1. Being within 22 Å of the chain's Cα centre (by Cα), outside any loop (DSSP other than H, G, I, E, B) and touching a residue at least 60 places away in the same chain (Cβ under 8 Å), is that true of even one residue in the range 266-287?
2. Within the range 323-346, how many residues turn out to be under 16 Å from the mean Cα position of the chain (by Cα) and either part of a strand (DSSP E or B) or among the aromatic types (F, W, Y) (or both)?
3. Mind checking which residues of the range 88-133 are part of a helix (DSSP H, G or I) and either in contact with a Ser or Thr (Cβ under 8 Å, 6 or more places away or on another chain) or over 21 Å from V210 (Cα atoms) (or both)?
4. When the residues of the range 187-202 are filtered to those that are over 21 Å from F86 (Cα atoms) and among the hydrophobic types (A, V, I, L, M, F, W, C), which remaining residue is surrounded by the most Cβ atoms within 10 Å (Cβ to Cβ)?
5. Only one residue in V138, V151 is closer than 25 Å to Y363 by Cα, aliphatic (A, V, I, L, M) and open to solvent by less than 10 Å² (accessible area, probe 1.4 Å). Which one?
6. Across the range 88-108, what is the number of residues that are open to solvent by 70 Å² or more (accessible area, probe 1.4 Å), farther than 18 Å from P375 by Cα and free of Cβ contacts under 8 Å to residues at least 60 places away in the same chain?
7. Quick check, is D111 touching a residue at least 12 places away in the same chain (Cβ under 8 Å) and open to solvent by 50 Å² or more (accessible area, probe 1.4 Å)?
8. From the list E233, E219, which residue is open to solvent by 50 Å² or more (accessible area, probe 1.4 Å), in contact with a helix residue (DSSP H, G or I) (Cβ under 8 Å, 6 or more places away or on another chain) and at negative phi?
Amino acid sequence: MESGEIPEILKIPRPLQEKFFNAAEEEADRLLKRVGEIEKLIDHLSKEVSRGISRIRLRSDWRDMTIAVVDGSDTPAIDERIGVRFGLYAAAYKLFRGEDPLENGEGYLGDRLNEQIRVSRETFLKVLDLVTTYLERVLAEYLLTQSDPYVDLLILDGSFLGYRAGCSLVKREQIELTEPVTGKHFRTVYDLISEINALTERIAGSGRAVGIIKRVPTEAIDGYIRYRYGEKEGVNLSDRALLSLTMSPGEVFSYEKYFGARLRIDALSWYRTVARDPKVRDKSPEVILREAERRVKVQLMADLTAPTSRKSRGKESQDSILKVADRLSRFFVMTREGLPPICVEVPDTVLERENLLDNVLSYCLETSSPVTGLPKSLDLVDDLVSLPRGLGRDFVTEVEARLLMRGVDSRRLVALFSRFNPQKDEY
């Protein structure tokens, strides 16, 4: 807040001010109590997860590697001011030799969706998200197969399967979309999902690609504690929050080391919810975990495989994307004091290559931003490609202006606008 600026809370009626100030005091008391409870947990948690934590084995090979970073962005809303829908999307990459950007080592792709996609607003937004992911994966595969110089390591912004959520709700929708950048035609949303699946499989199978995930809601450690020691021992903290309390800079957490076996992280994250289901609540922990695993697989199939009517076609390719989910490992890396650890998603193909994981972890640690804890390269590409919130509005205004310049009667534009009452940008 700038000097001399009046706080917004002081602009509302005094009785409401008092209510909100009292509410703030109550929230501070509640959170202080929660902090006290967490303090008591720290010693216990540190001992519990310590077997999954080790020091990063620092390597310097990454300094001579060509490293590509890929990210995408789309407008956070659609704008229907002139009776048509627009959504803007873009993807970008940047090449580095170790930590140093390469001259002319960047590229951009981008375009728009419009009213040709005749679906609900919610489906339109999901399609926009999927098209952005598609463009990211197109760039990533190009860098891994055709780039000069040869790319030793490719970093995706996000999870390999980060596009999965919500696909089951929209995959049957007809879109008849010809994506303008690549010229590829998609008859249904599932056709688009299927193409992303295929690109993702090839990228994960390259042995040279990892994902860095910024927002990680998983609660697999909490699920494992409940599975091993009982429901009452649960800690109700996300893995990221819990590890923030127990890790130091330069350390890495491995789920596989912690579990002592390869258990499904996503199933353990569902363990608490499944354990409260009356159908299995009184069953053994093993039965509850198997049920959680079953539900995870069902959801993966629902999101990533073809609609039932098309299951007989391409079954092998459907199964292969599910295998990708089984072959991804996650590691948390504490890069900076006072910041939460970052999550690195690694396919088995990377783990099979000598010293590559150690180089990835060393790269994350030694190039970390003091602001975000992420590799500086990822922050840089994110800044390059991020589309401003108001860009969709500006784009529509530009379309409107060009129509007026071409002699379209403003009354006809008003008629178009009147479809929405009152006229309002949607964000």
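1. no
2. Residues in the range 323-346 being under 16 Å from the mean Cα position of the chain (by Cα) and either part of a strand (DSSP E or B) or among the aromatic types (F, W, Y) (or both): 10 in total.
3. Those that are part of a helix (DSSP H, G or I) and either in contact with a Ser or Thr (Cβ under 8 Å, 6 or more places away or on another chain) or over 21 Å from V210 (Cα atoms) (or both): R121, E122, T123, F124, L125, K126, V127, L128, T132.
4. I196
5. Details: V138 fails: open to solvent by less than 10 Å² (accessible area, probe 1.4 Å).
Checking each option against the conditions leaves just V151.
6. 2
7. The answer is no for D111.
8. Sole residue among the options that is open to solvent by 50 Å² or more (accessible area, probe 1.4 Å), in contact with a helix residue (DSSP H, G or I) (Cβ under 8 Å, 6 or more places away or on another chain) and at negative phi: E233.
The values are calculated or read from the model by the stated rules, or taken from the named source; none is laboratory data. Predicted model only: the values in this text are computed from it and were never measured. Note that each Cβ is placed from the backbone with ideal geometry, even for glycine, and that neighbours are counted across all protein chains shown. For accessibility, only protein heavy atoms count, side chains too; no ligands or nucleic acids. Shrake-Rupley method; radii C 1.70, N 1.55, O 1.52, S 1.80 Å.
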